[in-house]
Amino acid sequence: MNGHLRLERLSLRYASQQDPALDGVDLEVPAGSSVAILGPSGSGKSTLLRLAAGLEQPTAGSVVLDGIDLAGTAAEHRGMAMVFQRPLLFPHLDVLDNVAFADRIRGVPRRVARRRAAEFLDLVQLPGFGRRSARSLSGGQEQRVALARALAAEPRVLLLDEPFSALDSGLREEMYELVDELRLRLSPTVLLVTHDHREADALGDTVAVLDGGRLLQTGPMRRLYTRPASLAVSRLLGGRNEITGEMRAGWHHSALGAVRVAAPTADGPGVLVVRQEAVRLTASDDAGADARGTVVRVRRRGPRALVTVEICGPGAGSPALLTAEPGPGQVLSVGRAVGLRLPADELAVVTAEPASAARAADAVGSAEDGQR
Amino acid sequence: MTARVRRLAGVLGVTALAGWFLLPLVPLLLWGVADRWSAPAVLPQEWGLSGWADATAQGAGPAFARSSALGAVVAVLATPLGALAGRALASGHLPGRAVIGAVLLSPLVVPPFVVAMGFDVLLLRLGLPAEAGVVLLLTVAALPYTTYVMRTAYGAYDTGFDDEARTLGASPRQVLRRVQVPLLAPSLAAAAFLAFLVGWSDYVVTLLVGGGRLVTVPLLVASAASAVGNEAQVAALSLLTVLPPVVLLASIAVIGRRARQVLP
């Protein structure tokens, strides 16, 4: 049940709107892999899924499944089952018949379809729930049934449209584990969209960042975190640190002072971005510190905290602010002097924005060319 | 304390309302089993079923069948048409939605008498059978009700169900049969009930366009009521008129409750 999905220059423009909803999206979803599309609301990510599913038609470009262009193939013949954010369990059917829906549509006898449906309910860890009414379930259970129903359709690509955003965090973790398990057992091809970079990381092998209808960067999440191609990507991934300065021969010069950047970067003005999780706070007399500063703000975020440090660099320029996210063991109060270590291989320098999405996309291309 | 007062007021209100509707039925029910019931007496002096016998002699049986058939045909025609119109009006893609909506509701404001008179002439010219004319006209008269009910139903309908069914492999036809119709069943039943009532209870159109040849229960009631001294027969015919709507209403309530058991 796994197909190879390819989106080629996929575009959609509504007559009533000036900007296209999707603009030339190229995306590869290899068989058995999971690709997460990460984007804010209104970025066109749900539209992308609807185009793939055939629920809407693109104005240009194509959806290719196992080498076959699906233009003109109706949604019901595409073999792409979708799970939406709302579970959308058919209220007139019980849980078992919901899961058996796709088989019944295909003309599979009721008894056979129900037996198979029961197997899929076992698979999503809801054994014995078959005869319950769809409305008697909790939110997490509903979404499990929706997942079982989609899997029972044996789709060549499983489409997930923010399927777990409505669940609370504990349930979400359970669903991530369930999806991991399902992927191990069935290895379906999965294309999912989400606005949450943690969810994209949890569910996707590869993540594609979408904003304003364009893909900004595609790659493994680790790489996106440490080497965002643009400020937009860094921000969408929750990055908090942006220090303007200038690259000269592998060093970034700014209010922080000179910081070594491991990634090959062209000389010239550039913004240094570093994940708050990568910034290490040490003692103020730490000899290996890359910069020193004073804690000006502490915000509690559960076991971790967001600590903002003000750094007065060597020059007389305005001070720089850096945010670090130390673990629960490190108690810091406002006014404390600290040293900061910035690991060279977790730093990236991107062009100063705003830059249209086009320029950002070009930057992605050239950065990747540089890597090869 | 206030909660109790409020509940009491609610119970009183419902009782008063039920009384308002049910009280007129009491003398009707009594007349239905009375042979003689003169003015000052509180209860009938002679009990019997002569009213029913008279009504049967007047052709109440065939009239009942004709009325039922008329109501059923109007419901069968006006419900799917109303569903189509309601869906189009609720979809938001229809240009000139307000105008079309107003046209569809216009039979409510134009008196049926006017339409019937004009239509009668047209029917004669076209050579259409009178029965077909009655059905046609009553279907048009029923459309505002079915359209309104179905527009509301489609307005509240989540098209996500259709999308989900499509990606699971259902053709548009299968989506309609296996998802939309079952989910909209309570509204479809309500629309069909209203359409049935239009056909069942019509007098003016049946009389004018039918030309007196299509004798339905309302026509019998009217002719019996215009004469003096046969209150028992009128009561019997009137009870006959009330029966089918009550039975239908009860079955719709059952459909609705069954739907609510699974819907939130």
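Please treat every number below as a calculation from the coordinates, not as lab data. These figures come from a predicted structure and were not determined experimentally. Virtual Cβ from ideal backbone geometry, glycine too; neighbours counted across all protein chains shown.
Okay, here's what the table says:
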{"read-out": "Most to least packed among B:214-224, B:37-47, A:68-78, A:237-247 [average Cβ atoms within 10 Å]", "value": "B:214-224, A:237-247, A:68-78, B:37-47"}
{"read-out": "Using alpha-carbon coordinates, inclination of helix A:357-371 to the longest axis of chain A, degrees", "value": "80 degrees"}
{"read-out": "Peptide-level mean, for B:62-74, of C-beta atoms on other protein chains within 10 Å", "value": "0"}
{"read-out": "5 angstrom amide H check on A:A291, placed H, neighbours 5+ away", "value": "A:L340"}
{"read-out": "Cα long-axis angle, helix A:110-123 against chain A (0 to 90 degrees, to the nearest 10)", "value": "20 degrees"}
{"read-out": "Residue mean of other protein chain beta carbons inside 10 Å, A:82-92", "value": "5"}
{"read-out": "Cut-off under 5 Å, modelled amide H: who pairs with B:N230 long-range", "value": "none"}
{"read-out": "Mean residue ellipticity (222 nm) of the protein assembly as shown, computed from DSSP H runs ≥ 4 via -39,500 (n - 2.57), nearest 500", "value": "-15000 deg cm²/dmol"}
{"read-out": "Charge context of A:P228, other residues only, Cβ under 10 angstrom, K/R +1, D/E -1", "value": "+4"}
{"read-out": "Under-5 Å amide H pairs with A:R280, H placed in peptide plane, nonlocal only", "value": "A:R341"}
{"read-out": "q = 0.08 Å⁻¹, chain A: log10 I(q)/I(0) [Debye, one scatterer per Cα]", "value": "-0.50"}
{"read-out": "Span-like helix ranges in chain B, DSSP H, alpha carbon extent 15 angstrom or more, Kyte mean at least 0.5", "value": "B:2-22, B:60-91, B:112-126, B:130-156, B:181-201, B:231-262"}
{"read-out": "Loop trypsin sites (Lys or Arg not before Pro), the stretch A:260-292 (other Cβ atoms within 10 Å of the site Cβ: 11 or fewer; DSSP)", "value": "none"}
{"read-out": "Spherically averaged projected area in nm², based on the convex hull that wraps the Cα atoms of the stretch B:61-123", "value": "5.9 nm²"}
{"read-out": "Inter-centroid distance (Cα atoms) of the stretch B:171-230 relative to the stretch A:254-300, Å", "value": "80 Å"}
{"read-out": "The stretch A:191-233: Cα Rg divided by the 2.2 N^0.38 Å rule of thumb", "value": "1.04"}
